[in-house]
Amino acid sequence: MATSRIEGDVFVNGNLSCTTFTPPDASVGNAAVAAGANIAASKLEHRHSPAHAQASGSDVATKSEVIHIVRGATGTLVAFEVAIDTAPTGGDKQFTVDLQVSTGGGAFATVLSSVVTVNQTDADRTISNATLASTALVDGDALKVVVTASGSTGSQGQGVRATAWLDEDPS
Amino acid sequence: MSNLAVWQGDYSVGNLAPKTFTWGDGEISNTDIEGNAKMDADKLVHRIYAPYTQPVGTDVITEDKIIHAARFAGTIVAIEFMPIQVPTDGNKYYFLGVEKSTGGGAWARIATFFVIQTTATNLTVLTADIYTASYVANDLFRVDCNAQGTTGSQGQGLIMNTIFDEDSA
């Protein structure tokens with residue numbers, strides 16, 4: 001059957017149904033989604049934010065922690081951020097934070113262009129953003145945060161949270 | 001170009017392919033979304049759980065710890081807490097809650113604090129009253145936990161979940 005073409009706008013004061021529907025790109029906004037839609041988790045990409053944290057009130061210490069195992073078929077590293085409660089002061093004490101990934105049981109390797117360094121030039125209660133060198137993740141990848149404290153003079157930083165933000169396929 | 005006259009009643013067509021389309025509010029349900037849609041994460045508001053725990057079997061200690069660094073603006077949905085083993089027999093107790101720092105400013109409480117004394121009940125979920133639910137990008141959230149008292153047995157084991165709905169862009 002030939003395609004009918006209608007110029008201009010149409011308002012249907014009733015129900016409009018069709019055998020197939022080709023909606024325009026980006027035509028669905030939040031208001032169009034029913035409040036109780038319960039859109040299945042399997043239909044969504046999910047954003048996760050696993051983190052390594054050390055409590056305030058004690059000096060940041062050299063530590064490594066595996067913070068996440070990727071479950072979706074593929075994933076994307078979106079950001080890596082380091083928040084500090086009390087920054088180092090008065091000397092050369094500082095610490096670095098690295099994000100590393102192990103794929104298929106291989107050795108952990110950094111995915112950052114450079115580690116995040118927190119020293120006396122940083123202000124209290126601020127966030128530093130890393131530059132990501134590699135963002136692709138696959139199912140089974142393990143993510144590890146490596147904190148390395150150094151220096152001998154001044155006061156070390158206290159209270160740190162390093163967060164990896166990643167988007168994962170639902171399955 | 002002027003609108004066509006309103007079409008009264010119901011219409012059914014083959015394939016409908018408008019240049020623009022105005023959805024009715026609440027029209028889209030789960031079944032309208034294809035099974036393999038993989039809706040982009042950056043189009044969604046995400047629900048984030050920020051847990052804070054102290055282990056079972058050891059006394060609750062005084063501790064502050066950052067639990068969340070906001071990437072984008074959002075809303076605090078709830079703050080829920082459960083003591084595993086509450087204090088017994090003396091004056092030992094502890095209290096904890098959530099504080100926020102905006103723009104590097106001082107920490108400030110954003111909700112009521114939980115006070116756990118000998119009168120509390122093990123494994124019971126408690127909910128904080130939130131003073132200020134909205135937050136902005138780069139806000140920091142911290143748990144402030146304080147163990148007090150000298151007699152009796154201190155509580156052991158706890159979990160507190162701060163739940164955020166955060167924009168993705």
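The values are calculated or read from the model by the stated rules, or taken from the named source; none is laboratory data. Just so it is clear, the model here is predicted, and its values are computed rather than measured. Neighbour counts run over all protein chains shown; Cβ positions are idealised from the backbone, glycine included. Surface accessibility is based on the protein's heavy atoms, side chains included, excluding ligands, DNA and RNA. Shrake-Rupley method; radii C 1.70, N 1.55, O 1.52, S 1.80 Å.
Tell me which residues, restricted to the range A:43-53, are out of contact with any His (no Cβ under 9 Å at 6 or more places or on another chain) and facing chain B (nearest Cβ under 7 Å).
So in the range A:43-53, the residues out of contact with any His (no Cβ under 9 Å at 6 or more places or on another chain) come out as A:43-45, A:52-53.
Answer for the range A:43-53, where residues must be out of contact with any His (no Cβ under 9 Å at 6 or more places or on another chain) and facing chain B (nearest Cβ under 7 Å): A:43, A:44, A:45, A:53.
Of the residues A:22, A:86, only one is open to solvent by 60 Å² or more (accessible area, probe 1.4 Å) and either within 17 Å of residue A:125 (Cα to Cα) or of a type outside the set (A, V, I, L, M) (or both); which?
Testing whether each residue is open to solvent by 60 Å² or more (accessible area, probe 1.4 Å) and either within 17 Å of residue A:125 (Cα to Cα) or of a type outside the set (A, V, I, L, M) (or both) leaves just A:22.
I'd like to know if the range B:121-141 contains one or more residues that are within 14 Å of another protein chain (Cβ to nearest Cβ) and open to solvent by 70 Å² or more (accessible area, probe 1.4 Å).
Looking through the range B:121-141, at least one residue is within 14 Å of another protein chain (Cβ to nearest Cβ) and open to solvent by 70 Å² or more (accessible area, probe 1.4 Å).
Going through A:78, A:66 one at a time, which residue ends up being buried (at least 18 other Cβ atoms within 10 Å of the Cβ) and of a type in the set (Val, Ile, Thr)?
Within the list A:78, A:66, the selection yields A:78.
Of the numbered conditions (1) more than 19 Å from residue A:83 (Cα to Cα); (2) under 13 Å from the mean Cα position of the chain (by Cα), residue B:164 satisfies every one except a single condition; which is it?
(1)
If residue A:93 satisfies all but one of (1) more than 22 Å from the chain's Cα centre (by Cα); (2) without any contact (Cβ under 8 Å) to a residue 24 or more places away in the chain, what's the number of the condition it fails?
Checking residue A:93 against (1) more than 22 Å from the chain's Cα centre (by Cα); (2) without any contact (Cβ under 8 Å) to a residue 24 or more places away in the chain, the one that fails is (2).
Identify all residues within the range A:119-171 that are among the hydrophobic types (A, V, I, L, M, F, W, C), surrounded by fewer than 18 Cβ atoms within 10 Å (Cβ to Cβ) and more than 20 Å from residue A:109 (Cα to Cα); write none if there are none.
A:123
Tell me whether the range B:6-19 contains one or more residues that are open to solvent by 30 Å² or more (accessible area, probe 1.4 Å) and touching a residue at least 24 places away in the same chain (Cβ under 8 Å).
no
Against the definition (over 30 Å from residue B:108 (Cα atoms) and either in contact with an Asp or Glu (Cβ under 7 Å, 6 or more places away or on another chain) or not hydrophobic (A, V, I, L, M, F, W, C) (or both)), how does residue A:90 come out, yes or no?
no
Which of (1) facing chain B (nearest Cβ under 7 Å); (2) under 25 Å from the mean Cα position of the chain (by Cα); (3) of a type in the set (A, V, I, L, M, F, W, C) is the odd one out, the single condition residue A:21 does not satisfy?
(2)
Do we find a residue being modelled with pLDDT under 90 and aliphatic (A, V, I, L, M) anywhere in the range A:66-82?
Keep residues of the range A:66-82 that are modelled with pLDDT under 90, which gives A:72-73.
Applying the additional criterion that residues be aliphatic (A, V, I, L, M) yields A:73.
Yes, there is a match, as at least one residue in the range A:66-82 is modelled with pLDDT under 90 and aliphatic (A, V, I, L, M).
Answer yes if at least one residue in the range A:100-120 is closer than 28 Å to residue B:53 by Cα, in a loop (DSSP other than H, G, I, E, B), within 12 Å of chain B (Cβ to nearest Cβ) and modelled with pLDDT of 95 or more, and no otherwise.
Within the range A:100-120 (the criterion being closer than 28 Å to residue B:53 by Cα, in a loop (DSSP other than H, G, I, E, B), within 12 Å of chain B (Cβ to nearest Cβ) and modelled with pLDDT of 95 or more), the answer is no, since none of the residues qualifies.
Quick one: how many residues across the range A:94-105 are within 17 Å of residue A:75 (Cβ to Cβ) and surrounded by fewer than 21 Cβ atoms within 10 Å (Cβ to Cβ)? I'd like the intermediate steps shown before the answer.
So the first thing to find is which residues in the range A:94-105 are within 17 Å of residue A:75 (Cβ to Cβ), and the list is A:99-104.
Restricting the remaining residues to those that are surrounded by fewer than 21 Cβ atoms within 10 Å (Cβ to Cβ) gives A:100, A:102-104.
Residues that pass the stated criteria total 4.
What strands (runs of 3 or more DSSP E) completely inside the range B:1-104 contain at least 1 residues that are over 30 Å from residue B:125 (Cβ atoms) and at the interface with chain A (Cβ under 8 Å from one of its Cβ atoms)? I'd like the intermediate steps shown before the answer.
On the way: elements: B:11-16, B:46-59, B:63-69, B:74-85, B:93-101.
The strands (runs of 3 or more DSSP E) meeting that bar are B:11-16.
Taking the options A:151, A:157, A:90, name whichever one is within 14 Å of chain B (Cβ to nearest Cβ) and not β-branched (Val, Ile, Thr).
Values: A:151 fails: within 14 Å of chain B (Cβ to nearest Cβ); A:90 fails: within 14 Å of chain B (Cβ to nearest Cβ).
Answer to the check: A:157.
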